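The values are calculated or read from the model by the stated rules, or taken from the named source; none is laboratory data. Here the structure is a predicted model, which means the values were calculated and not measured. Quick reminder, even Gly has a Cβ in these numbers, built from the backbone with ideal geometry, and neighbours come from all protein chains shown. Surface areas here come from the heavy atoms of the whole protein model, side chains and all, with no ligands, DNA or RNA. Shrake-Rupley method; radii C 1.70, N 1.55, O 1.52, S 1.80 Å.
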Amino acid sequence: MAATILVTGATGRLGQRVVSRLLQKQANVRVLTRRREDALKLWGDRLEISEGNFSDPASLKEAARGVDAVFLLSPIGETLAADQNAVIDAALSAGVSRIVKISGSDWTIESAARSISGTAHAQVEAHLAGSGIAYTALRPNAWMQVALEPVVTALRNGEDVPARFGDAAVSFIDADDIADVAVHALTAGVPLAGPLVLTGGETLTALEIARIAARILYRPVGVSHKAAPALPPHAGAFEQQAIGEFGQLIGDGLAASVTDTVHQITGRQPRSVEAYLRARLAATTPTGDHSEGEKTWR
Ligand SMILES: NC(=O)c1ccc[n+]([C@@H]2O[C@H](COP(=O)([O-])OP(=O)(O)OC[C@H]3O[C@@H](n4cnc5c(N)ncnc54)[C@H](OP(=O)(O)O)[C@@H]3O)[C@@H](O)[C@H]2O)c1
């Protein structure tokens, strides 16, 4: 019988990308969600819906029953470590054999003293290491779908590129590349050793992004240094602090490294910022697809 894969965070930005790839591969997919109706609208009967909540251990136990592999993702917040550790504990009792975790960016974990989010993800990685379950931690750099959305909005408004991170260069990664690697890690014959540090294929400053935008839009595009971090609506104190810390660490140049991991695992080069901006600027609706633009702050 084909393996059953439980996807947490399935209705979110990255989770939806992971689910659609798993369904294309004819995998048996079960999603954990608090919103059954929304999951039904997204996938109908193409997968199993397990209604539950990270804060409800019984629902996690039910979701993990009969599962072979778990995709582990939860949003940034003060319960991140407790929520993800609870999923790991449920997976352990259910005899799950593999977990693929979306962790924090490598530089948040390596600079955990300066990042509450990095500290929380590091706690989960430590719990995974102690669990005895085979696991792969993926540490993606800043996602284009989040970090470049303020750039897309500004360009659509005829404005310059906001330089939220000063003159620092960043190797932004496309969430589709993260999803490709995650699905490979979930379905490969042998679990992949980690942590895997995932980045885009190039490192770009705001000025270099402005040059790319000028090429796409056939108009002069400069850089604006007035950019302020855009917080999501209802961001709690944890998120606000985490987002402020991301800005400082990225501004210090810590998100500029480029790794070859996406290429090594998928056999092709990572998607580029130019391709991402071309697609987003050509989109007829402001949000372009299912969720881009709703959170423009990480
Ligand atoms: N953005 C970046 O640049 C970046 C970089 C590195 C790492 N990351 C990591 O990526 C993760 C965020 O991914 P994302 O943007 O794809 O998330 P997202 O779009 O915010 O999705 C969050 C998901 O979590 C689920 N969820 C929230 N609370 C829940 C609860 N109490 N019980 C069960 N499910 C719950 C939601 O499901 P329902 O609403 O359906 O229940 C939703 O599917 C974070 O861990 C972050 O640290 C992000």
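Against the conditions (1) more than 29 Å from HIS225 (Cβ to Cβ); (2) in contact (Cβ under 8 Å) with a residue 60 or more places away in the chain; (3) outside any helix (DSSP H, G or I), ASP180 satisfies every one except (3). In the stretch 112-131, the residues that are more than 18 Å from ARG98 (Cβ to Cβ) form Cβ pairs under 9 Å with partners that are open to solvent by 20 Å² or more (accessible area, probe 1.4 Å) and among the aromatic types (Phe, Trp, Tyr), at six or more places apart or across chains, as follows: SER115/TRP107; ILE116/PHE238; SER117/PHE238; GLY118/TRP107; ALA120/PHE238.
Against the test of being within 13 Å of the ligand (Cβ to nearest atom), under 19 Å from PRO191 (Cα atoms) and surrounded by 19 or more Cβ atoms within 10 Å (Cβ to Cβ), the options ALA86, ALA63, ALA137 yield a single qualifying residue, ALA137. Only a single criterion out of (1) touching a strand residue (DSSP E or B) at 6+ places or on another chain (Cβ under 7 Å); (2) near the ligand (Cβ under 10 Å from one of its atoms); (3) small (Gly, Ala, Ser); (4) more than 24 Å from ILE209 (Cβ to Cβ) is not satisfied by ALA142, namely (4).
With respect to being open to solvent by 20 Å² or more (accessible area, probe 1.4 Å) and either more than 9 Å from the ligand (Cβ to nearest atom) or in contact (Cβ under 8 Å) with a residue 60 or more places away in the chain (or both), ASP38 falls outside the description. Scanning the stretch 43-50 turns up one or more residues that are surrounded by fewer than 20 Cβ atoms within 10 Å (Cβ to Cβ) and within 13 Å of the ligand (Cβ to nearest atom).
Of these, ALA230, ALA182, ALA175, which one is open to solvent by 30 Å² or more (accessible area, probe 1.4 Å) and under 30 Å from ALA113 (Cβ atoms)? Just a single option satisfies the conditions, and that option is ALA230. Beta carbons closer than 6 Å, at least 6 apart along the sequence or on distinct chains, pair a first residue in the stretch 214-236 that is modelled with pLDDT of 90 or more with a second that is open to solvent by less than 40 Å² (accessible area, probe 1.4 Å) and in a loop (DSSP other than H, G, I, E, B) for ALA214/VAL221; VAL223/ALA163; HIS225/ALA163.
Scanning the stretch 1-35 for residues that are charged (D, E, K, R), more than 15 Å from the chain's Cα centre (by Cα) and near the ligand (Cβ under 9 Å from one of its atoms) returns ARG34, ARG35. When the stretch 93-107 is limited to residues that are polar (S, T, N, Q) and more than 7 Å from the ligand (Cβ to nearest atom), the one that is farthest from the chain's Cα centre (by Cα) turns out to be SER93. Out of GLY253, GLY288, one residue alone is at pLDDT 95 or above and on the phi > 0 side of the Ramachandran plot. It is GLY253. Can we say HIS121 is over 19 Å from LEU249 (Cβ atoms), part of a helix (DSSP H, G or I) and not acidic (Asp, Glu)? So HIS121 fails the test. For the stretch 253-262, taking the residues that are touching a helix residue (DSSP H, G or I) at 6+ places or on another chain (Cβ under 9 Å) and within 14 Å of ALA168 (Cβ to Cβ), the one that is surrounded by the fewest Cβ atoms within 10 Å (Cβ to Cβ) is identified as SER257. For ASP160, the stated conditions hold: it is surrounded by 15 or more Cβ atoms within 10 Å (Cβ to Cβ) and more than 30 Å from LYS25 (Cβ to Cβ).
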